[in-house]
Amino acid sequence: TLTVAGLDVGQGSSTLLYSKGHTVLIDCGGNGGDDPGDTAADYIQSLGTSRLDALILTHFRSDHACGVPQLLSRIEVSQLILPDITQEDELRQEILSLAEALNCKVSFLSEDSSLPLGNAGLMIYAPMGDGGSNEEGLSVLCSADGFDLLITGDMNSVVERRLVKYKNLPDIELLVVGHHGSKNSTSEELLLATAPELAVISSGYNSYRHPSTEVLERLGAAGCDIYLTSSMGTVTFTIKGETP
């Protein structure tokens, strides 16, 4: 029904969703040994395709987007879905220029939007915060046959509370832990509201002490099984639903 891969991109984030021949990548940045664009492209091609239905960027920080230029040089991307923030950012301008040169459709999301993905479906939530690109980013809920996955980018606990209050979030099975395990994200409120069973933390060498002890303790108290790309490499989940 669905394959979810938390790619090993070092201190960064890139999550690949694959269902019935359709692929969506959420973020593509990090400081690993390889360019995160190559890491993502290699994984996509290992699935037997060189095409993405969509590339969704939660925001334009390098740890979430620095691999996009290399990715676009190797993979056909049908649609770029972006938040309309940080208009003067150099990386944003580079990505938009490349997308224009490649005739790639660009959608700036200002309202919540749905996106089909094979046997799965995505709900993309428009920015709900302010005060910086981390808080003004997109978040994504992917649902497939009773399995729900939530990706919150780098939003902090204040924006998480807005997400919980204003969006009808279900109980989820998998959480891509916010902001690489920063103590200011993955709040108790979010964990109580969504009750995740599995948690992936995408991080690598960093000076911020990610993932924080506080987040690891909160996840443990919530009963989550925790998977770390920093020690395990790329983490892949295969969801096998009932099909007619």
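Across the alpha-carbon set of the chain, the Rg to Rh ratio works out to 0.93, Rh being the Kirkwood radius.
Dipole magnitude for segment 31-97: computed about the Cα centre from +1 point charges on Lys and Arg Cβ and -1 point charges on Asp and Glu Cβ, it is near 200 debye. Across the chain, how many lysine pairs separated by 8 or more positions, or lying on different chains, have Cα atoms within less than 25 Å? Lysine pairs meeting the criterion: 4. ARG162 exposes around 80 Å² of accessible area when a 1.4 Å probe is run over every protein chain in place.
Here the calculated FRET efficiency for ASP145 and ASN31, from their Cβ-Cβ distance with R0 = 35 Å, stands at 0.50, rounded to the nearest 0.05. Among the trypsin sites (Lys or Arg not before Pro) in segment 170-244, those placed in a DSSP loop whose Cβ has at most 13 other Cβ atoms within 10 Å are ARG209, LYS240. Rounded to the nearest 500, the helix-only mean residue ellipticity at 222 nm of the chain stands at -7000 deg cm²/dmol, with each DSSP H run of n ≥ 4 adding -39,500 (n - 2.57). Rounded to 0.05, the FRET efficiency of the LYS105 and GLN45 pair, given R0 = 25 Å and the Cβ-Cβ distance, is 0.70.
Taking +1 at the Cβ of each Lys and Arg and -1 at the Cβ of each Asp and Glu, which of SER203, GLN11, LEU219 sits farthest along the dipole of the chain towards its positive end, judged by Cα position relative to the Cα centre? It is LEU219, whose Cα lies furthest towards the positive end.
Simple rule: put +1 on each Lys or Arg Cβ and -1 on each Asp or Glu Cβ in segment 20-66, find the dipole, and look at THR23, ALA65, THR39; the Cα lying farthest toward the positive end is THR23.
Along its principal axes, segment 130-173 has C-alpha extents of 36, 17, 12 angstrom, given from the largest down. Computed over the chain, relative contact order equals 19 percent, with contacts defined as Cα pairs under 8 Å that lie 6+ residues apart.
The values are calculated or read from the model by the stated rules, or taken from the named source; none is laboratory data. For clarity, every value in this text was computed on a predicted model and none was experimentally measured. Don't worry about glycine lacking a Cβ; one is built from the backbone with ideal geometry, like all the others, and counts go over all protein chains shown. For accessibility, only protein heavy atoms count, side chains too; no ligands or nucleic acids. Shrake-Rupley method; radii C 1.70, N 1.55, O 1.52, S 1.80 Å.
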